[in-house]
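Notes for the one structure printed next.
Values quoted throughout were computed directly from the atomic coordinates according to the rules given, and no laboratory measurement underlies them. This structure is a prediction, so every number in the text was calculated from the model and none was measured. Cβ: placed from backbone, ideal geometry, glycine included. Neighbour counts: every protein chain shown.
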Ligand code: HDD
């Protein structure tokens, strides 16, 4: 049988295919039509029996429009409903051909198109971005060999070890079913009831109660594939791998008080931030990092590589940065792209394969299953955002909303009537072949004892945090458990925390007005007939004292690109101060906005005018990273007498942000809580920049913004705001 020559694919062809995939329709210069292409003459009035009469059923235009509208909504995702997406590309630095045959990881000349969707987990589609929550970090690589989805999170571990518990976890964290309260929050009884009975979740709740759960920006989050995956090379040799995304802007968070306020002032904070950065051409970037473990080292560690509640500390296996992801295009249409994109852990390409991680194994079922109901049938891969750029040829046919028109009468294999097409691909032709892992096992519903050290990495995480980060975790636990009404649940959690770190448990206990109970942590997540000893948590000590990679205090600092800076001003402002500061900040990539008592223009001291972008009604300090007050006696005096301006400063101070005040600032500082306590001369080290030397103010302010936050301030001067 003659074989048909298979077409090759150049990078240009890939890029073109990625563009075609969009199916974008432009309405420019067109007439309004019905869905049947009939030009519409009147889209203002329905067809009636007389000017004041009833609408007629005959009005096909009205009925078509209304029917489509009535069916506009699709079910939201059961988890990760709230999200924001962007297009971009990925490029590997050097070939990784020695460990994988995946084309996008072996050809440094290729740019692989990607679509990324960030999300929160627990909230509904309309919920706030700043909930304390895990963030989804799902990447679809449209590779020339098919789509690869890396469906990860911004935390490297998970709550449960076996996918069969996922519905329980999600039911526990979602709003309670009787009154649907609270929205997008884990701070309620059912969540902590579940967690307190499932000690395997201990490591994950350390991450969830840390500042990682309230990121400053999607652009400033790490991402993790969580599970141990496999890489397979041309020779069929496999290595274990953990995937990491390392943001080039560093890993940063907001303060919890700030997060709660942002949720009111701008619930779209992260979505807006991502959109604006891309619109401004400041493209978010991450490096893809790999921790590679040769197959022979599978059992070298004191934890099990298949256990998704464990990390491989970077001290044990360093993260190699092997390529870069750049997001450079916003979606054209939120629904068509961000809402309809369908990720699946099972979308892999030759060179990448699975392991027996029991959480991953369950995910391999769940994702396609959920798309069937959410996107209404088996043809969701034909929706433009989900279409691979690699050509699709198979004998699958029909189903709801089928788009492809397959000509001919052959839809089976083997066949002779269709010339045998489409052919199976040999491995040499790029055919996917599963890694032939050796299995010799009994069929059991059990868990390996190597999964039962639930505390040592939780302890490692806590011990690796800076003092301010630890304090934030104490507050987070105290907040969440403080919202829990059932005292027994609070007590069980205190017992669990005492196995992580005694100091943490006693500080939280103090804030809850309780004592830390003594005894062994119970594990209720066990089978009915199980020997409880087999499921008892192992109380091990971490082999590592601490890991620098776990604390955000050690992240890259100094880059102020995309940081939002408020310039507070009023009439009588020194406009040359503003011009100079704005020029320096903008040159460093930051974004400035003038905030004043009212919109319009301000009168400057030198006769110029300053445009106002926000008023104290439309803006709040929590929407900015830093605050600058330019000189000008009248402006400073007005701000000092404007309670909203004073509150703005107090709040920025409380949230540990850089503040610069130029000229005669004492007047406004004297009105703030912190200004009354501050030793101005020592203040520069604390992120407060004052003085009359313009050049040094600008430089010191930029350096201070580059530090992100001055968390130590919370201990030194905690102020009301
Ligand atoms: Fe999941 C969505 C990440 C465990 C079942 N998950 C979803 C999304 C992300 C993750 C990022 C959103 C994708 C998007 O933006 O559309 N999930 C994870 C990670 C997990 C994890 C990192 C643990 C390592 N998930 C997990 C388990 C199950 C699911 C154990 C079920 C057995 N996840 C789903 C789902 C979702 C989903 C129900 C909801 C919407 C969707 O898939 O498309 O199937």
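Debye calculation, C-alpha points only, no solvent: report log10 I(q)/I(0) for the chain at q = 0.06 Å⁻¹, in the same order as the q values.
Listed by q, the Debye log ratios stand at -0.43.
Starting from 0.36 nm per residue, how many nanometres of slack lie between residue 124 and residue 98 once their C-alpha separation is accounted for?
5.0 nm
Most exposed first by the Cβ proxy, i.e. fewest other Cβ within 10 Å, how do 24, 368 rank?
So the ranking, lowest neighbour count to highest, is 24, 368.
Peptides 633-646, 478-491: what's the order by average Cβ count within 10 Å, highest mean first?
Top to bottom by mean Cβ count within 10 Å: 633-646, 478-491.
Over the stretch 499-563, what portion of Cα pair distances is larger than 19 Å, expressed as a whole percent?
Percent of Cα pairs beyond 19 Å in the stretch 499-563: 64.
Where the centre of each part is set by its Cα atoms, how far does the stretch 303-368 sit from the stretch 66-101, in angstrom?
The stretch 303-368 and the stretch 66-101 have Cα centres spaced 11 Å from each other.
How large is the Kirkwood hydrodynamic radius of the stretch 485-609, in angstrom, based on all distinct alpha carbon pairs?
20.8 Å
Would you mind getting me the FRET efficiency between residue 39 and residue 74? Use the beta-carbon distance for r and R0 = 30 Å, nearest 0.05.
With R0 = 30 Å, the Cβ-Cβ based efficiency is 0.55.
In 5 Å bins starting at 0, how do the alpha-carbon pair distances of the stretch 245-323 split up by percent?
3, 11, 14, 16, 13, 12, 13, 10, 6, 2, 0
So, by mean Cβ neighbours within 10 angstrom, what's the order for 43-51, 115-123 with the highest one leading?
Highest-to-lowest ranking by the protection proxy: 115-123, 43-51.
How many angstrom lie between the C-alpha centres of the stretch 115-160 and the stretch 604-624?
Here the answer is 36 Å between Cα centres.
Using a 10 Å cut-off around each Cβ, can you sort 366, 238 from fewest to most neighbouring Cβ atoms?
Neighbour counts put them in this order, fewest first: 366, 238.
Apply the Kirkwood formula to the stretch 454-553: the hydrodynamic radius equals the inverse of the mean of 1/r over all pairs of different alpha-carbon atoms; give it in Å with one decimal.
14.6 Å
Using 0.36 nm per residue of separation minus the Cα-Cα distance, give me the extension gain between residue 366 and residue 51 in nm, one decimal.
The span from residue 366 to residue 51 would gain 107.9 nm if fully extended.
How many angstrom separate the Cα center of the stretch 501-528 from the Cα center of the stretch 392-426?
If you average the Cα positions of each part, the centres end up 59 Å apart.
If you take every DSSP beta bridge whose two residues both sit in the chain, what share of them, in percent to the nearest 5, is antiparallel?
75 percent
Over all Cα pairs of the stretch 237-288, how is the pair count split among 10 Å bins, expressed in % and running from 0 up to the last occupied bin?
Answer for the stretch 237-288: a P(r) of 19, 36, 30, 11, 5, 0 percent.
What is the fewest-to-most order of 616, 674 by other Cβ atoms lying within 10 Å of their Cβ?
So the ranking, lowest neighbour count to highest, is 616, 674.
Which log10 I(q)/I(0) values, to two decimals, does the stretch 557-716 give at q = 0.09, 0.10, 0.13, 0.19 Å⁻¹ under the Debye formula with one point per Cα?
-0.24, -0.29, -0.51, -1.19
Just for the stretch 557-716, what percent of DSSP beta bridges are antiparallel, to the closest 5?
Taking every DSSP beta bridge within the stretch 557-716, about 15 percent pair in antiparallel fashion.
Work out how far the C-alpha atoms of the stretch 17-134 reach from end to end along every principal axis, then list the three figures in whole Å, largest first.
In descending order, the Cα extents are 77, 39, 21 Å.
How long are the three semi-axes of the equivalent ellipsoid for the stretch 201-338, computed from the Cα gyration tensor as the root of 5 times each eigenvalue, in whole Å, largest first?
32, 21, 12
Please list the equivalent ellipsoid semi-axes of the stretch 57-199, computed as the square roots of five times the alpha-carbon gyration tensor eigenvalues, in descending order and whole angstrom.
Working through the eigenvalues yields semi-axes of 34, 29, 12 Å.
Ignoring everything except DSSP H segments at least 4 long, calculate the 222 nm mean residue ellipticity for the chain; use -39,500 (n - 2.57) per segment, divide by total residues, nearest 500.
Mean residue ellipticity at 222 nm (helix-derived): -8000 deg cm²/dmol.
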